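Structure, as structure tokens:
Taken together, the values in this text are just the output of simple stated rules run on the coordinates, not laboratory data. Quantities reported herein were computed from a predicted structural model and do not represent experimental measurements. Heads up, the Cβs are rebuilt from the backbone with ideal geometry, glycines too, and the neighbour counts pull from every protein chain shown.
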């Protein structure tokens, strides 16, 4: 009885071990490489899978994107500067069979490959360009690594250079150069600011001068226009005044002549009026005087008028004396004004 129990227990143990070895669970990010007696048979997909224990084995391959850290290494640039460069490589498996069977140590292989190609790329360029062209170096290195690792069933997704460290003395020189460049830029910026300010001030003074000149011009034009209008108004007023004055004098003379004619004045009265007109002409401010052509005859007429007036007065005196009437004094007599001397 005890022997039978031992046999059953042994069979149970073997069955449990067989089931444990036969059942394989492949995760979603994995692939299972099945080998039968040391020979590749098939690649299992994620999920529940069964294999023959002790005859078949399964190797799980991670298909997720992986990172390889490339250790720092010293690289000589084309301008003979020794720099320390390190990088990281991102890759993902595309064929688990080739990744397992085509390369023995993938991490070591891709690290050495990245170091070698990084040394070649950095060695072909100068330090300044290496510091400012990381994107270009990354793209070139990714292309080289992707082409080289294609037979390993790996796709290089991207490559990133982490650091490029020049020697301390070069760093000091670069800092001095940077400070000098910044000082130069500051000086140029300050000089440009002074220049722009001077230009702005000059432009402002120019505009101010132009506006002042325009103001003076407009003021002079307005003053001239005002003077011209004032002169025109004064001339118009003077013209109107002279016209009114001449019209008034003409009306007065016409009325006077009409009165003289209406009074039946003789040549004696007209002669007196004529003499008075000549006297007014002589008292004027005119520098020229027009003498009538009949002036000599006028003098004779005046002499005759004086003589006639004297005879009339003498006759009246005699008649008054004869009739016994009072005789007027010499002061009461009406004297005819002597002829005005014409110069």
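If you take the Cα Rg of region 27-103 and divide it by 2.2 N^0.38 Å, with N the number of residues, what do you get?
Numbers: Rg = 19.4 Å, N = 77, 2.2 N^0.38 = 11.5 Å.
Normalised Rg, Cα atoms only: 1.69.
Evaluate 2.2 N^0.38 Å with N set to the residue count of region 55-193, then give the Cα radius of gyration divided by it.
That works out to 1.43 for region 55-193.
Output the peptides 59-65, 121-127 sorted from most to least packed, where packing is the average of other Cβ atoms within 10 Å over each peptide's residues. Before the final figure, lay out each step's value.
Working: 59-65: 14.3, 121-127: 16.7.
Order by mean packing, descending: 121-127, 59-65.
Can you pull the one-decimal nm distance between simple spin-label points at residue 81 and residue 139, each 7 Å off the Cα toward Cβ?
Distance between label points: 2.3 nm.
Give me the distance in nm between label points sitting 7 Å out from Cα along the Cα-to-Cβ direction at residue 225 and residue 105, one decimal.
Label-label distance for residue 225 and residue 105, simple model: 10.2 nm.
Consider a paramagnetic label point 7 Å from the Cα of residue 150 along Cα→Cβ; state which residues of region 56-100 have an amide N under 19 Å from it.
Answer for this model: 90-100.
Taking the Cα atoms of region 73-132, what is the range of coordinates along each of the three principal axes, in descending order and whole Å?
The principal-axis extents, from largest down, are 44, 19, 15 Å.
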